[in-house]
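All remarks here apply to the structure that follows.
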Amino acid sequence: MRVGTDIVMISRIPVTKESFIKGVLSPKERAIFDSRNDKAEFLAGRYAAKEAFLKAVGTGLSGARLNEIEVLYDEKGAPVLTYEGHEYSVSISHDGGYAISVVLA
């Protein structure tokens, strides 16, 4: 098992840039994003989770397109990261203008 982590300054996330949003979010994530009031926090958290995943699997950003990695919710409301049909443990937190994520792969 490997661990990946990433931290993102929320204010640096281009929350209104459509090409960035499409590059990060899957269609299902986009539907959630569109309904949220905390769009910047949501997008920063997803970006951090996907970067943490790619670090955990050892590929870095060249390992997959971010919008192919998906972070949705389980029946209890906890985030679950999926990629190519496999589920991974993920934690996402926000505080003081930052989003951080840890992934076990």
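The values are calculated or read from the model by the stated rules, or taken from the named source; none is laboratory data. All of these numbers come straight from a predicted model, not from anything done at the bench. Please note: Cβ atoms are built from the backbone with ideal geometry, for glycine as well, and neighbour counts cover all protein chains shown.
General observations
- In this entry, residue 54 is excluded by the filter for residues that are under 10 Å from the mean Cα position of the chain (by Cα), at pLDDT 95 or above and part of a helix (DSSP H, G or I).
- Checked against (1) surrounded by 16 or more Cβ atoms within 10 Å (Cβ to Cβ); (2) in contact (Cβ under 8 Å) with a residue 40 or more places away in the chain, residue 81 passes all but condition (2).
- Among the residues of segment 64-78, those that are loosely packed, with under 15 Cβ neighbours inside 10 Å and not in a loop (DSSP other than H, G, I, E, B) comprise 68, 72, 73.
- The condition of being acidic (Asp, Glu), at pLDDT 95 or above and within 10 Å of the chain's Cα centre (by Cα) holds for only one of 87, 70, that being 70.
- Of all residues making up segment 1-39, the number that are closer than 23 Å to residue 59 by Cβ, surrounded by fewer than 16 Cβ atoms within 10 Å (Cβ to Cβ) and of a type in the set (A, V, I, L, M): 3
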